[in-house]
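The values are calculated or read from the model by the stated rules, or taken from the named source; none is laboratory data. A quick note: this is a predicted structure, and the numbers were derived from the prediction, not measured. A quick note on method: Cβ atoms are made from the backbone with ideal geometry, for glycine too, and the neighbour counts reach across all protein chains shown. The protein model used for the area step is the full one, side chains on, heavy atoms only, and it has no ligands, DNA or RNA in it. Shrake-Rupley method; radii C 1.70, N 1.55, O 1.52, S 1.80 Å.
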Amino acid sequence: MTTPYELVIGIETHVELATASKMFCGCKARWFGAPPNTLVCPVCLGLPGALPVPNRKAIELAITAGLALHCETPEHTKFDRKNYLYPDLPKGYQISQYDLPLSVNGWLELASGKRVRIRRAHLEEDTGTLKHGEDAGRRYTLVDFNRSGVPLLEIVSEPDMSSIEEAETYVRELRDILRAAHVSEMRLEEGAGRFDVNVSIRFSEDGTTVWPPQSEIKNLNSYQALREATAFEAARLWDDWRAGGELRTRKGKITVGWSPDRRRTYLQRSKEEVEDYRYFPEPDLVSLEPSRETVESLRAGLPEMPSERKARFVSKYGLSEYDARILVTETALADFYEAAVAALPAHPKPIANWMTGELLRRMREENVDPSGIRFAPDALAALVRLVESGKVSGASAKAILVEMWQTGGDPEAIVNTKGLLQVSDESAIAAAVDAVLAENPKAVADYRAGKPRALGALVGPVMKLMGGKVDPAVVNRLLAERIAASVS
Amino acid sequence: MSAFPRSIREAAAVLRRRETSALELAELAIARARADEHNARLHIAEDHARAQARSVDEWFAGRGPGGGSPPTLAGIPWACKDIIGTKGVVTTAGSRILEGYVPPYSATVVERLDATGAVMIGKTNLDEFAMGSSTENSAFGAVKNPWRADRVPGGSSGGSAVAVAAGEALFALGTDTGGSIRQPAALCGVVGMKPTYGRVPRWGVVAFASSLDQVGPFTNTVEDAAIVCETIFGKDERDATMVDLPGDQLRRELDKGVKGLRLGVPKEYFSVKGMERGVEKAVRDALGVLEREGATLVEVSLSLTDHGLAVYYIIQPAEASANLARYDGVRYGLRVDGPDLLETYRRTRGKGFGPEVKRRMILGTYALSAGYYDAYYVKAQKVRTLIKAEYDRVFETVDALVTPTSPTVAFALGAKVNDPLAMYLNDVFTLPVNIAGLPGISVPCGLSEGLPVGLQVIANSYQESSMFRVAAAYERATPHHLARPEQVAA
């Protein structure tokens, strides 16, 4: 898509950390789907007298995320209070980090090689959730505090993205990294990852560069919303400028929301209503000074990042960029792959093909994650070994995989019980070939008339006669040989 | 028994000799609380107290939880400032906005006292959210000083001070953010002690100014204060601002005397405008007593004393403005519905908070606002660091400081209600101690115009032991702690 303007995009990503308990209390952090207000205590309800105690694991995960994004971890950080009133915020302030965040000055390298700079990543607590309803014409709002106090990491990028595709790539790769580092599952469908997109347009007018103030699109929770909302808002800014609208005189940014139903943004806060959060250091907590030992041990514990692993899969196993990318998106899937390769080091590519093809298709169809695969990586390796050694045909192998998928059975056992061992007795195959040739004189004539592709139509019937337990290449060869023999 | 014991030690001895039961003692305390004419009580927890007393009597009879002999505080009736959360017992913080609020959990200090078998008789009146120095800012009416009914008891823990001074409880808990234990203790003629910041868990105590608040006891004697402190001191994992120190054996310090101790006398504490001559005389006499007991008095300078008030009235309202934001009518407490959310907030908070609370929230919000934050809050924090550093320097040369607790004796009810600055000035000797996070104790040191005067002993952080040493030596050397208001003595 070409536009008469350049896009400038920066993204704030809110990520729920994968801790067992909440940020400042012992309540369970896995709130999604729990009955309302069942995961609460005096702390996350903001009862009088309750005090926060920081969750060590959350701090470690936040530092880990920063390290995975090549950030520095300052020696002196602290928590601050961000003050505003809203019913889902029980204390009337959110404990967050203002001027001394846990991580600063990092970067994330996109597949294209472009680096998106990470300005900062800070730790805070999530709010509760509101549910609006109506009863006998009276509108009401209910508050659920299960999510209140869940640890959130806010990762702020510099405005380094210049297309919607790049923005989407950034958030997808960010998600891959955070999942690989076990920082967050970031299940978008459960609200565990939310994006605020800062978008502005830059263009040339009368020979000078014009860069009007941005819009911040709040709280996008899917890739689709991110794409559509950013595209809409950029186009709206351009149209507004061209029509001589408010953008021509506006000095500060505005905040907008995204309505997925109407597929348009709507104004939430204009620049005049910029909120003063009156940040000040949280007096209920002491300053947070991550020891260098802690930081270094977290750094040492960082797993290989998806982009590094992908590059290794390409160079070491000879996989295509595409296949490698699919495998590394999910750490558990890549682990499964490498375990299978370890069992059968001679055939990394066929293993990848089976995984990205048949296996992944079934996983998607049945919405199963790698932990739900009933057979072990060794079993997949055994299956590939059977195929590559010519003991079973590709067609049989698919049937074996189906059986493995459903029962978790061992491939060699399945081959034996189902009699799927490839027929290697060429005289048996030759008999089937002769029978098919006799039934298809036209195809034979076509082949002789110089249409080699006519032979292909005969392979299927032979395979069928043989119950699929033959190598199609052998059938092909025998067909050609028998036709040639019948002439001479 | 008919006479109310004069100290925890005396009551504990009587209980051990089985001359009276915990239940009898509780009934006596309940009766005295019901007869209170000073408006010191917001709630008398009769059933709660009787239940606690009965189980203590079981304990004395050898059927206690886990056996063993009951601790000193078992069966001792006490009163709790109504800003300290008590499970199942109304906790209002002296505010309409929390009227009828029953916490689902107890403050750590209450849990600890419960575990010793102390018997909580009820909740005491206070300035709303502890904001005040006279207990006239309570939403439930002013408290009167038992020494003279037309005088204030001091504040904000006025009800707790009166409960002990008038012989309605053997000790009481208060909170001290800028002097709210020591100043009313001085004005009511009892012992009041504010621990080092981080010594006593704040968990379950309704927050006023988080970096300044600390819970402490009101008692009849210095020894009683040490007994209560030994129970409430010590790390609680639920308060992240605490320092992990072993609990002090404070009673061991009491008999050590002051011989060889160097006591600092900050000259700025005696040159404050508005200092009453009678107060100064009583305190000077007290210094003489300590010198006769063997202490060396050293004049020291705390040149930043004047700035304490300014620093305090930035930091304290700033923190309070955030701490009180949670009272929005959504989850608990008062709610006055309006046509929309903003109006519900306005009406709820407009009706729920009194004028002093509103004044401080406006002050605090202003101090934290964009464009003012650096000039007020940040600067105040810098001066706070300087004040702390000045105390640190002084404590390199002295073991404790001895000062007046308040520049005046109990003033007339209504005298300063409409003059907040004059009211704030009454805390000029106590609030720097909170700013620096130090421990301080006020002990009775005689009368001026027939009203009690308090001597304040300040020690370095976590040096409560030397503070208790000085206070106990002074108490042994004088009869002032025995003085009681006439109606109580009668």
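Determine the calculated [θ] at 222 nm for chain A from helices alone, applying -39500 (n - 2.57) to every DSSP H run no shorter than 4 residues and normalising by the residue count; nearest 500 deg cm²/dmol. Calculated mean residue ellipticity at 222 nm is -12000 deg cm²/dmol. Scaling against 2.2 N^0.38 Å puts the C-alpha radius of gyration of the range A:426-487 at 0.99.
Comparing the full protein assembly with the isolated chain, the residues of the range A:43-59 losing at least 40 square angstrom of accessible surface (1.4 Å probe) are A:L47, A:P48, A:G49, A:L51, A:V53.
Counting only protein heavy atoms and using a 1.4 Å probe, what share of the accessible area of the range A:304-418 belongs to carbon plus sulfur, as a whole percent? Here carbon and sulfur together make up 50 percent of the probe-accessible area. Seen through its C-alpha gyration tensor, with square-root eigenvalues sorted a ≥ b ≥ c, the range B:8-259 comes out rounded because a/c lies under 1.5.
The order of the peptides B:149-156, B:99-106, B:117-124 by mean Cβ neighbours within 10 Å, most packed first, is B:117-124, B:149-156, B:99-106. The range B:153-184 and the range B:367-423 have Cα centres lying 20 Å from one another.
Peptide packing for A:464-477, B:433-446, B:47-60 was compared via the average number of neighbouring C-beta atoms within 10 Å per residue; ordered from the highest value, the list is B:433-446, B:47-60, A:464-477.
The B-A contact accounts for approximately 2700 Å² of buried accessible area, totalled over both chains at a 1.4 Å probe radius. Between the helical axis of A:331-343 and the longest alpha-carbon principal axis of chain A there is an angle of about 30 degrees. Backbone phi angles across the range B:198-205, fed through the Karplus curve with coefficients 6.51, -1.76 and 1.60 (θ = phi - 60°), yield HN-Hα couplings of x, 7, 10, x, 8, 3, x, 9 Hz in residue order; Gly and Pro are listed as x. A straight line joining the Cα centroids of the range B:89-150 and the range A:436-488 runs 99 Å.
Name the residues of the range B:287-325 whose accessible area, probed at 1.4 Å, falls by at least 40 Å² once all protein chains are in place instead of their chain on its own? Correct list: B:A322, B:A325.
Heavy atoms only, probe 1.4 Å: what % of the accessible area of the range B:291-338 goes to carbon and sulfur, would you let me know? Heavy-atom surface of the range B:291-338 belonging to carbon and sulfur, 1.4 Å probe: 43 percent.
DSSP beta bridges fully contained in the range B:8-259 are about 60 percent antiparallel. Averaged over its residues, the protein assembly as shown has an accessible area of 40 Å² per residue, based on protein heavy atoms and a 1.4 Å probe. Here the range B:1-57 and the range A:286-308 have alpha carbon centers that stand 57 Å from each other.
Counting Lys and Arg as +1 and Asp and Glu as -1 over every other residue whose Cβ lies under 9 Å from the Cβ of A:P151, the net charge comes to -2. Largest first, the three principal axis extents of the alpha carbons in the protein assembly as shown are 139, 82, 65 Å in whole numbers. Taking the chain by itself as reference, the range A:275-299 contains these residues with an accessible-area loss of 40 Å² or more in the full protein complex (1.4 Å probe, heavy atoms): A:D276, A:R278, A:F280, A:P283, A:D284. Shielding by partners for peptide B:342-349, expressed as the average number of C-beta atoms from other protein chains within 10 Å of each residue's C-beta, is 1. What residues of the range A:448-475 lie in the reach of a label at A:V423, counting those whose backbone N is under 14 Å from a point 7 Å from the Cα along Cα→Cβ? Inside the label zone: A:459-475.
Here the Karplus relation 6.51 cos²θ - 1.76 cosθ + 1.60, evaluated at θ = phi - 60°, turns the backbone of the range A:141-148 into coupling constants of 10, 10, 10, 10, 9, 4, 7, 4 Hz, with x for every Gly and Pro. Using the Cβ of B:L324 as centre and a radius below 9 Å, the other residues enclosed give a net charge of +3, where K and R count +1 and D and E count -1. Secondary-structure-derived ellipticity at 222 nm for chain B, considering helices only, amounts to -11000 deg cm²/dmol, per-run term -39500 (n - 2.57) for DSSP H runs with n ≥ 4. Charge tally for A:G33 (other residues, Cβ to Cβ under 12 Å; Lys, Arg +1; Asp, Glu -1): +1.
Residues whose amide H falls under 5 Å from that of A:D80, counting only those 5 or more places apart or on a different chain, are A:S96, A:Q97, A:Y98, A:E282, with hydrogens built in the peptide plane. Every pair of different Cα atoms in the range A:6-293 enters the Kirkwood calculation, which places the hydrodynamic radius at 20.1 Å. Coupling constants for the range B:439-450 follow from the phi torsions by the Karplus curve (6.51 cos²θ - 1.76 cosθ + 1.60, θ = phi - 60°), and in residue order they are x, x, 9, 10, 10, x, 9, x, 10, 9, 6, x Hz; glycine and proline get x. A simple spin-label model places the labels of B:E10 and B:D340 6.4 nm from each other, with each point 7 Å out along Cα-to-Cβ. Taking a ≥ b ≥ c as the square roots of the Cα gyration tensor eigenvalues, with a/c under 1.5 meaning rounded and otherwise prolate when a/b beats b/c, else oblate, which class fits chain A? Here chain A falls in the prolate category.
For chain A, the longest principal axis of the C-alpha atoms and the axis of helix A:426-439 are separated by about 90°.
Per-residue mean of foreign Cβ neighbours for A:87-94 is 5 (Cβ atoms of other chains, 10 Å radius). For B:E99, the residues 5 or more places off, or on other chains, whose built amide H falls under 5 Å of its own are B:L334.
Does the range A:92-247 classify as rounded, prolate or oblate by the C-alpha gyration tensor (a ≥ b ≥ c root eigenvalues; a/c under 1.5 gives rounded; else a/b over b/c gives prolate, otherwise oblate)? Cα axes put the range A:92-247 in the oblate bin.
Note that the range B:381-490 shows a convex hull volume over its alpha carbon atoms of 119 Å³ per residue. Filter A:K398/A:K442; A:K28/A:K57; A:K316/A:K349 down to the pairs with a C-alpha to C-alpha distance above 20 Å, please. Correct reply: A:K398/A:K442. When you work out D = kT/(6 pi eta Rh) for the range A:347-488 at 10 °C and 1.306 mPa s, using the Kirkwood radius from C-alpha pairs as Rh and the Stokes-Einstein form, the result is 95 µm²/s. Between the helical axis of A:306-317 and the longest alpha-carbon principal axis of chain A there is an angle of about 20 degrees. The mean sequence distance of close C-alpha pairs (under 8 Å, at least 6 residues apart), as a share of the length of chain A, puts its relative contact order at 13 percent. Summarising the amide proton neighbourhood of B:L302: residues at separation of 5 or more, or on other chains, whose placed amide H is nearer than 5 Å comprise B:K267, B:E268.
Relative contact order, whole percent, for the range A:164-312 stands at 20, derived from Cα pairs under 8 Å and 6 or more residues apart. In straight-distance terms, cross-link reach from B:K144 covers every one of the lysines whose alpha-carbon lies under 23 Å from its own, apart from those fewer than eight places away in the same chain; here that gives B:K81, B:K123, B:K194, B:K416. For the peptides B:266-275, B:304-313, residues were scored by their other Cβ atoms within 10 Å and the scores averaged per peptide; the highest-first order is B:304-313, B:266-275.
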